[in-house]
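To start, the structure under review is shown below, and the notes come after it.
The values are calculated or read from the model by the stated rules, or taken from the named source; none is laboratory data. A quick note: this is a predicted structure, and the numbers were derived from the prediction, not measured. Every residue, glycine among them, receives a Cβ derived from its backbone with ideal geometry; neighbour counts consider all protein chains shown. Side chains included, ligands, DNA and RNA excluded: accessible areas come from the protein's heavy atoms. Shrake-Rupley method; radii C 1.70, N 1.55, O 1.52, S 1.80 Å.
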Amino acid sequence: MPSAKPTTVAGVVDRLLSVYPEELRFDFELEKQSSFDLKIVNHTEKRVAFKVKTTSPKKYFVRPNSSIIQPQEECFVRVTLQAQREYPPDMQCRDKFLLQSTIVPPNTDMVELSQDIFNKDGGRVVEEIKLRVVYVYTNMDENPRIDNLGSPIDNNHDNDLVDLDRALQRLKTERDTAIRQVQLLQKDLELLKRHSYQRKPYGFSILATLFVGLVGIFMGLASTFLFAPQRNA
């Protein structure tokens with residue numbers, strides 16, 4: 001039995017059903033479910049069957065996912081986003097929904113409908129409305145930056161790394177300064193070596209004092225790097 005054609009107004013074919021809104025918006029929080037209601041309206045004088053499909057059936061729970069709407073009546077469909085353990089790649093949702101509808105004979109129950117009622121084979125009129133999905137991050141703290149692997153970056157951890165970099169840079173500067181001081185002291189020591197034995201009978205005491213000072217600088221430099229914080233791999 002061929003299906004009835006949609007009603008027309010001024011030669012333009014009207015939709016069998018309208019859905020409000022045509023965009024599903026979910027408040028997204030990790031480990032929490034979120035629901036969104038759609039209102040589906042039958043604008044015709046016919047009984048219209050509909051079915052809701054999605055590109056990610058394991059993520060969403062749709063009730064009812066199919067039904068029959070009486071002429072000039074409406075139906076509400078609740079779509080529930082299951083609790084998610086991780087953020088979507090690039091924080092963008094690419095899921096889609098599809099609302100299919102077709103006119104059915106009077107007094108038809110959903111149980112009596114065949115599995116291929118929404119197939120377009122055989123000249124059956126099946127209308128389709130595409131619905132996009134948007135995730136709304138209500139908590140601004142849960143709108144993180146994403147790394148190259150698509151995982152959220154811990155802002156606190158990132159700040160710790162910045163502080164560690166600054167501390168290491170400061171230690172490197174102090175190390176370079178200490179090395180320059182040691183080099184200058186070595187030059188002075190060599191100079192005093194050449195003149196102390198020639199002119200000073202007590203040159204050994206001066207040399208010993210300089211040697212002790214040089215050892216002290218090296219020990220201070222070694223202890224600085226021994227107890228300095230090390231970067232995590």
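Okay, here's what the table says:
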| quantity | calculated |
| --- | --- |
| Enumeration of residues in segment 85-125 that are in a loop (DSSP other than H, G, I, E, B), touching a strand residue (DSSP E or B) at 6+ places or on another chain (Cβ under 9 Å) and under 18 Å from residue 59 (Cα atoms) | 86, 87, 88, 92, 93, 94, 95 |
| Test: residue in segment 145-162 that is among the hydrophobic types (A, V, I, L, M, F, W, C), assigned to a helix (DSSP H, G or I) and modelled with pLDDT of 65 or more | yes |
| Residue among 194, 199 that is at pLDDT below 65, over 30 Å from residue 27 (Cα atoms), open to solvent by 90 Å² or more (accessible area, probe 1.4 Å) and of a type in the set (D, E, K, R) | 199 |
| First in segment 79-94 and more than 22 Å from residue 53 (Cβ to Cβ), second anywhere and surrounded by fewer than 17 Cβ atoms within 10 Å (Cβ to Cβ) and hydroxyl-bearing (Ser, Thr, Tyr), Cβ under 8 Å, 6 or more apart | 86/151; 87/151; 91/137 |
| Of all residues in segment 37-62 being open to solvent by less than 40 Å² (accessible area, probe 1.4 Å) and of a type in the set (Phe, Trp, Tyr), the one that is nearest to residue 135 (Cα to Cα) | 60 |
| Flag if residue 65 is more than 17 Å from residue 134 (Cα to Cα) and open to solvent by 70 Å² or more (accessible area, probe 1.4 Å) | no |
| Residues of segment 74-90 classified as acidic (Asp, Glu) and surrounded by fewer than 12 Cβ atoms within 10 Å (Cβ to Cβ), total | 2 |
